[in-house]
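Data block below; observations after.
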Amino acid sequence: MSTHNSMNYFLRYIIVFVFIQLLYSCKTRSRLDFALQYAGDNRVELEKVLEHYKDDSIKFKAACFLIENMPLHYSFSGDDIDSLYKALSQYSDYGKYDKKYDYLKGDYICRLHKNNDARTVSSGYLIENIDYSFRVWNEMPWGKYISFDDFCEYILPYRIKNEPLTHWKRDLYHRFRPVLDSLYNGSDVVLACKYLNEYLKSEKDWVYSDDFNVPHLSAMFLVDKRIGDCNALSDFVTYCMRAVGIPLAIDKYIWSPEYSSSHSWTTVLDTTGRTVSFSFGEHSPMRGTSVGRQKGKVYRSCFALQEDALSRLNKAEVIYPVLSDCFSKDVSEEYFHDNVGHVKCDFIEDKNDLTIYLALFSFYGWKPIAYSVCRNKNEDFGHLEPGIIYATLYDKSGTLLPAGYPFMIDKWSNNVVYFRPGKRDSMIITRKYPLHSGMQHMVERMNHGRFEGANSRDFSDAKTLYKLGKMTSRMFNEVKIKYPEKFRYVRYISVDWEPGDIGEVNWYSGSTDVALKGKLLAAPHYKNEAFFSPENSMDGDPLTFYSGAVSPGWVGLDFGVPRLISRIAYVPRNDDNFIRPGDLYELFYFSENGWTSLGKQYGDISQKLVYYNVPQHALYWLHNHTRGKEEQVFVYFNEKQYFNHGEILLR
């Protein structure tokens, strides 16, 4: 984020923070009175709602709940919003958009006009929303298990965040209530959610897009176009479920060491009072399951201002904007029941009233995901996910400094394990980022494949030049042919059950370093898309790859005349996070002063780095100065790297 954009964001945060402080200090009058006063000329509309329900105590209470929380809720409007909807519509309908909309990837949101709900929402809109909310609460057999407080958060809200308001609750009720009735007539809310979720997936494909800097999108646009990122997807599901009385909320994490991003998903309130989380694009709701990503801390988006968040904001010295959402509720306990983060901050002498941040590593620096105001030597960050490495930090003149040694909650004992540098030893490093299971599977698609030579185009006389075993942890590989022969046709072919994925392949004759050229031959490639085409396997870029549409998949060359084949160089499909020859790397360990360098090295043909005199039992970070952004911290024991994304299992 640029300095200018960061300043705009910070100024917007300051304005909101001052408003929160004002709202929090309202002790002499109720928040309802404050909201009505803040509404200005629109006060008459809000009072019409209260008057409408004056003889219905529970609906009157629901109206009060909405109105008293309205002052900080708003939607955006402006020409840029109109352009955004046009661009997303084009992308949803045609798979591309006019490049004149590229500016929407920047920070245009600061130019948008805010329409505050308290000052703009009509009485008719609120009454319609309240009536439809009570209708589904009373109609559904699981409604009797939903308390009023839960109803107010899981069904009643007329908006999710800052999207343009539409009559979604009315329109989606009439669209999806008959659908739900045709799918399920029982009383199990989780099953009802499951069946409707599966119907929504089958009705129309979701187009994932995070190309633009996007505020929350309107309900009816999402239902019509089915496009957006995980926030839009969660909003879409929530609109559809709430409209028919299925109590839903949106949970999120701020940063994940596994995916190096934020993420949101949905959770349904069971009749037991517990929640069942699910992700529309990954799995349907099922008791006993959960969204499987590494999370650290989990927060739930609420409609009501959260008293705990307001209290902590009021006490904190400095709070980073990402943690200032006063509508977020910490629900980590629902995901990590037995782990409470009482941690030591050994680097700070005077801890009283100092704001301590809990943070996760990112390529751009530590990402705060929680905070605590110091009261003693042990800081309490509530429930934390085990098996993830955290850091504690404090702000000094705008810079985050270490407050203590990095730590994690051990999965087996629930004890806090600190990574304190100890005696020195050597270290062998082969990667800068974990090899995720999905990418590992792509690498292993070459297991037991083979390189063949032939003089018949159909390879009926094929001879195996070299057969692969299990793929090793190397990016660049070369094999010498023990008994070189001449062949007109050559190819790499996978085992019968794999589609032939390969990043690069080249054939050589004699001692020359110039790869042989010929006419490309290959089995059909996946979906006939350029992203998977056979040309990728010989384009000199190890990150592009060929993937076949059939099994076995294969790719090769026709030289026109027989050529002597003496060696073969190949690269598996990969993520480019192995050690690259020629790239400049620097190893750091975490000390009392933060990241401390252990020196720089260039990668060589061994595709590994060897460091000596390395403090053991510390936290490490290998940085590539030449290329790439995917980097993750790791620990080292038993002569192996263990990265911070669930690989670390201490027992």
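The 1.4 Å probe gives accessible areas that order 480, 519, largest first, as 480, 519.
Residues with beta-carbon under 13 Å from that of residue 467, excluding residue 467: net charge, scoring Lys, Arg +1 and Asp, Glu -1? That sum, taken over residues with Cβ under 13 Å, equals +3.
Partners of residue 344 within straight-line reach, counting lysines whose Cα lies under 28 Å from its Cα and excluding those fewer than 8 residues away in the same chain: 252, 295, 297, 315, 329, 367, 377, 396, 411, 423, 640.
Taking 17 Å as the cut-off, the amide N atoms of segment 407-431 that come nearer than this to a point 7 Å along the Cα-to-beta-carbon line of residue 473 belong to 426-431. Within the full protein context, the accessible area of residue 44 is estimated at about 80 Å² for a probe radius of 1.4 Å. As a fraction of the 1.4 Å probe accessible area of segment 430-491, surface on carbon and sulfur atoms comes out at 47 percent. Close amide H pairs (under 5 Å, H built 1.01 Å from N) link residue 633 with 644, residues at least 5 positions away or on another chain. Give me the percent of the accessible area of segment 235-375 that comes from carbon and sulfur atoms, probe 1.4 Å, all protein chains in place. Exposed carbon and sulfur together represent 45 percent of the surface. The alpha carbon centroids of segment 487-526 and segment 579-651 are separated by 34 Å.
Heavy-atom accessible area with a 1.4 Å probe sorts 311, 537, largest first, into 311, 537. Backbone geometry of segment 79-92 corresponds, through the Karplus equation with coefficients 6.51, -1.76 and 1.60 at θ = phi - 60°, to 3J(HN,Hα) couplings of 4, 5, 5, 4, 5, 4, 5, 5, 5, 5, 5, 4, 5, 5 Hz, x marking Gly and Pro. Site pair residue 514 and residue 461 shows an inter-label distance of 2.8 nm when each label is modelled 7 Å from Cα along Cα→Cβ. Please report the carbon-and-sulfur percent of the accessible area for segment 539-651; probe 1.4 Å, protein heavy atoms only, DNA, RNA and ligands left out. Ligands and nucleic acids excluded, carbon and sulfur give 50 percent. With all projection directions averaged, the alpha carbon convex hull of segment 393-457 covers 11.1 nm². With R₀ fixed at 41 Å, the C-beta to C-beta distance from residue 440 to residue 271 puts the FRET efficiency at about 0.50. Maximal additional length on extending the residue 527-residue 482 stretch stands at 12.5 nm, based on 0.36 nm per residue less the C-alpha distance. Computed from the C-beta positions of residue 597 and residue 33, the FRET efficiency with R₀ = 56 Å rounds to 0.45. Once the C-beta distance of residue 364 and residue 122 is scaled by a Förster radius of 41 Å, the resulting FRET efficiency is 0.40 to the nearest 0.05. Taken about its Cα centre, the chain carries a charge dipole of about 1280 debye when Lys and Arg each add +1 at the Cβ and Asp and Glu each add -1 at the Cβ.
Between the entries (i) 60, 28, 21; (ii) 77, 30, 22; (iii) 51, 33, 22, the label attached to semi-axes √(5λ) of the Cα gyration tensor in Å calculated for this structure is (iii).
Computed from point charges on the beta carbon alone (+1 for Lys and Arg, -1 for Asp and Glu), the dipole magnitude for segment 43-194 about its Cα centre is near 300 Debye.
Residues 48, 517, sorted by accessible area with the largest first, give 517, 48 [1.4 Å probe; ligands and nucleic acids excluded]. A prolate overall shape is assigned to segment 38-93, the ratio a/c of its alpha-carbon gyration tensor axes (a ≥ b ≥ c) being 1.5 or greater and a/b exceeding b/c. Between residue 286 and residue 44, the modelled label-to-label distance comes to 5.7 nm, taking each label 7 Å out from Cα in the direction of the beta carbon. Taken per residue, the accessible surface of the chain reaches 45 Å², heavy atoms only and a 1.4 Å probe.
The values are calculated or read from the model by the stated rules, or taken from the named source; none is laboratory data. Keep in mind that what you see is a predicted model, and the values were worked out from it rather than measured. So basically every Cβ, Gly included, is an ideal-geometry build from the backbone, and we count neighbours across all protein chains shown. Side chains included, ligands, DNA and RNA excluded: accessible areas come from the protein's heavy atoms. Shrake-Rupley method; radii C 1.70, N 1.55, O 1.52, S 1.80 Å.
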